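The values are calculated or read from the model by the stated rules, or taken from the named source; none is laboratory data. Note that the coordinates shown come from a computational prediction; the quantities given were computed from them, not determined experimentally. As a convention, Cβ positions derive from the backbone with ideal geometry for all residues, glycine included, and neighbour counts pool all protein chains shown.
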Amino acid sequence: MKNLISFLIVSVLIFSTQILNADYLILKDGTHLKGSIVNTNKDFTSIKSDGSEVQEVPTPNILKVIRKPLYLEKLKIYKSDNTVFDAYCVDYDPHSYTFLKELTDDKDIVVPASEIMYFESALNPSNISFKLSTASVSIKWESPVKSVKSYRVYFRKKGEDNLDLARETEKLQFVLENLIGGLEYEFLVRSVNDDGFESFPGRSVSFTTINQPPTRPGPISIKKSSGKDILLSWGKSQDIDGTVDYYNVYTKTGSSSKQIGKTKETKYNYSPRSLFQRHIFSIKAEDNAGLESEERFSDPYSSKYYSVRLEAAYLQPSGDLEHLFDPGKALLITATMNNYYMHGLSIGLQGGYYSFTSGKQLGVNSYDSYYAVPLMVYGGYKFGISETIYVEPSISSGFCFAGLEYKNNGISRTATAYNPIIKAGIAAVYVIDNIEFGAGLYYSSILESNARLNSMLMSLSAGYMF
């Protein structure tokens, strides 16, 4: 059907674009003369050949006179009912073609133009091929059997009625440019001989241009919307050969990306699994053909948040403290603000209570209990292992109020002091929503003037991020 429509359209072009410059006389014996008819009457018809010789032919010997642009040859005609026949075309108009099976026949065969799909002719270019590029197609062909002067390339979009002339060229190739991507086109290549006759339309060739993806979305802006949710927004994409149907939202970790959402709007609300993460987002536009645009990346984004953590610790004394007490217990509370000055950085305050209640005998002294109430400045850095796990090395430093109860020669005594304290170590933390659970290992030292009260802390913790 497509070839038939193209044939009808191009057939009309024959009548409107050719210049009459050659006539034919077909004689009853099957011979034919080509030239320009200069005179005719009931007895003789004079025809001037290309060599400027005038030949007189008895008019009764003439079977048919052709006064339209034509290259007289035996054609193969393909019809819409899938039949094929061979004949000479001796007349045509916008509605029909007139054929003779042989040049000696006196019976015309008239076929409606609507029933003809295409012709095979010695003037048709052969081996037509094409190579697609974005918004263009490169067309090549081979010269026909007969010598021709030039070629005309016609094309149209699918659904259009008229074929447009793209270019007339003497070369065996042509590039059709500025095509719309993702559309079906049809083209014909027809030859023009030295007489100015444009060949009958041959088989058309169809192709679908390469669909072009949408343009890259505009810059991404990120802000905290509510709770731990993040609101992303970006500029619109354009698609010159279709429509932008969706925007695909990705998070980037290392060299890999993971899709986290799809939206028709230019904004997306994302709820990360945890607040400690650093995020790099990317947006791709998707068109109606499923093609994605280039990625638009966001700047790295970290949520600023607060956290409170409670730790219960087992204290293993070491150094001077090991000679005085058995293992003890500790309870610590830490309040921090996170990601405020740089991603991963936690700074805040840490306080708590150290308790050793099982003492030892050392010389004349019998130690009963020791406690310390520290208040320290806390600093840590979170290294994300996954979306829900991080490790955090930290250091805390400050002062503590410490009290010691002991017996000297059986007499109970109490001593108190303010001493510097330092604590350093590492914790591994697992996050579920805004709640975190962790385990830590730390080294703590209370710096007295004449002793170092050291201990190892093995802790379990639970906290809340907000």
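Would you say SER397 is in the same structural domain as GLN277 (by TED's automatic domain parsing) and either in contact with a Leu (Cβ under 9 Å, 6 or more places away or on another chain) or within 14 Å of ILE446 (Cβ to Cβ) (or both)?
No: the conditions fail for SER397.
When residues of region 340-387 are filtered for being surrounded by 13 or more Cβ atoms within 10 Å (Cβ to Cβ) and without any contact (Cβ under 8 Å) to a residue 24 or more places away in the chain, how many remain?
Result for region 340-387: 1.
Condition (residue is of a type outside the set (Val, Ile, Thr) and free of Cβ contacts under 8 Å to residues at least 24 places away in the same chain) applied to region 421-437: is it met by at least one residue?
Taking every residue of region 421-437 in turn, none turns out to be of a type outside the set (Val, Ile, Thr) and free of Cβ contacts under 8 Å to residues at least 24 places away in the same chain.
Mind counting the residues in region 121-144 that are under 24 Å from ASP81 (Cα atoms) and surrounded by 18 or more Cβ atoms within 10 Å (Cβ to Cβ)?
Number satisfying all stated conditions: 2.
Quick grid of which residues meet (1) touching a residue at least 24 places away in the same chain (Cβ under 8 Å); (2) over 30 Å from VAL84 (Cβ atoms):
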site	(1), (2)
ARG167	no, yes
GLU184	yes, no
ASN193	yes, no
PHE200	yes, no
ASP229	yes, yes
SER237	yes, yes
ASP245	yes, yes
THR251	yes, yes
SER255	no, yes
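For every residue, the table says whether it meets (1) at pLDDT 95 or above; (2) part of a loop (DSSP other than H, G, I, E, B); (3) aromatic (Phe, Trp, Tyr).
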{"site": "GLY290", "(1), (2), (3)": "no, yes, no"}
{"site": "ARG309", "(1), (2), (3)": "yes, no, no"}
{"site": "ALA313", "(1), (2), (3)": "yes, no, no"}
{"site": "PRO317", "(1), (2), (3)": "yes, no, no"}
{"site": "GLU322", "(1), (2), (3)": "no, no, no"}
{"site": "LEU331", "(1), (2), (3)": "yes, no, no"}
{"site": "ALA335", "(1), (2), (3)": "yes, no, no"}
{"site": "TYR341", "(1), (2), (3)": "no, yes, yes"}
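Please pick out the residue among LYS76, LYS64, LYS68 that is surrounded by fewer than 18 Cβ atoms within 10 Å (Cβ to Cβ), of a type in the set (Lys, Arg) and not in a loop (DSSP other than H, G, I, E, B). Steps first, answer last, please.
Values: LYS64 fails: surrounded by fewer than 18 Cβ atoms within 10 Å (Cβ to Cβ); LYS68 fails: not in a loop (DSSP other than H, G, I, E, B).
The match here is LYS76.
Give TYR118, TYR97 a once-over and let me know the one that is in contact with a Pro (Cβ under 7 Å, 6 or more places away or on another chain) and either assigned by TED's automatic domain parsing to the domain that holds TYR151 or surrounded by 13 or more Cβ atoms within 10 Å (Cβ to Cβ) (or both).
Of TYR118, TYR97, the one residue that is in contact with a Pro (Cβ under 7 Å, 6 or more places away or on another chain) and either assigned by TED's automatic domain parsing to the domain that holds TYR151 or surrounded by 13 or more Cβ atoms within 10 Å (Cβ to Cβ) (or both) is TYR118.
All but one of (1) closer than 21 Å to TYR340 by Cα; (2) assigned to a strand (DSSP E or B) hold for SER226, so report the exception by its number.
SER226 satisfies every listed condition except (2).
Of the residues VAL429, VAL373, VAL391, which single one is within 23 Å of GLU322 (Cβ to Cβ), assigned to a strand (DSSP E or B) and among the aliphatic types (A, V, I, L, M)? Lay out the reasoning, then the answer.
Numbers: VAL429 fails: within 23 Å of GLU322 (Cβ to Cβ); VAL391 fails: within 23 Å of GLU322 (Cβ to Cβ).
Result: VAL373 is the single residue among VAL429, VAL373, VAL391 that is within 23 Å of GLU322 (Cβ to Cβ), assigned to a strand (DSSP E or B) and among the aliphatic types (A, V, I, L, M).
Could you please find all residues in region 273-330 being within 30 Å of ASN408 (Cβ to Cβ) and either of a type in the set (S, T, N, Q) or in the same structural domain as SER226 (by TED's automatic domain parsing) (or both)?
GLN316, SER318, listed by residue number.
Only one of ARG278, ARG203, ARG273, ARG190 is surrounded by 19 or more Cβ atoms within 10 Å (Cβ to Cβ), more than 21 Å from the chain's Cα centre (by Cα) and basic (Lys, Arg). Can you tell me which?
ARG190
Please determine, by comparing only the residues of region 312-330 that are aliphatic (A, V, I, L, M) and under 16 Å from GLY425 (Cβ atoms), which one is surrounded by the fewest Cβ atoms within 10 Å (Cβ to Cβ).
It comes out as ALA312.
Among the residues of region 226-274, which ones are among the small types (Gly, Ala, Ser) and under 13 Å from THR215 (Cα atoms)?
Once the filter is applied, which keeps residues that are among the small types (Gly, Ala, Ser) and under 13 Å from THR215 (Cα atoms), region 226-274 yields GLY235, SER237, GLY242.
Across region 101-122, what is the total count of residues that are in contact (Cβ under 8 Å) with a residue 60 or more places away in the chain and closer than 11 Å to LYS74 by Cα?
So the answer is 5.
Residues SER397, SER455: which one is among the small types (Gly, Ala, Ser), buried (at least 17 other Cβ atoms within 10 Å of the Cβ) and at pLDDT 95 or above?
On the way: SER397 fails: buried (at least 17 other Cβ atoms within 10 Å of the Cβ).
That would be SER455, the only listed residue that is among the small types (Gly, Ala, Ser), buried (at least 17 other Cβ atoms within 10 Å of the Cβ) and at pLDDT 95 or above.
Anything in region 283-294 that is at negative phi and free of Cβ contacts under 8 Å to residues at least 60 places away in the same chain? List them, or say none.
ASN288
Here's a check for you: in region 1-33, which residue that is of a type outside the set (A, V, I, L, M, F, W, C) and modelled with pLDDT of 90 or more is nearest to the chain's Cα centre (by Cα)?
Across region 1-33, the extreme among qualifying residues is TYR24.
Given the structure, is PHE174 modelled with pLDDT of 95 or more, of a type in the set (A, V, I, L, M, F, W, C) and buried (at least 19 other Cβ atoms within 10 Å of the Cβ)?
yes
Scanning region 112-132 for residues that are in a strand (DSSP E or B) and small (Gly, Ala, Ser), which turns out farthest from ARG152 (Cα to Cα)?
The extreme case among them is SER129.
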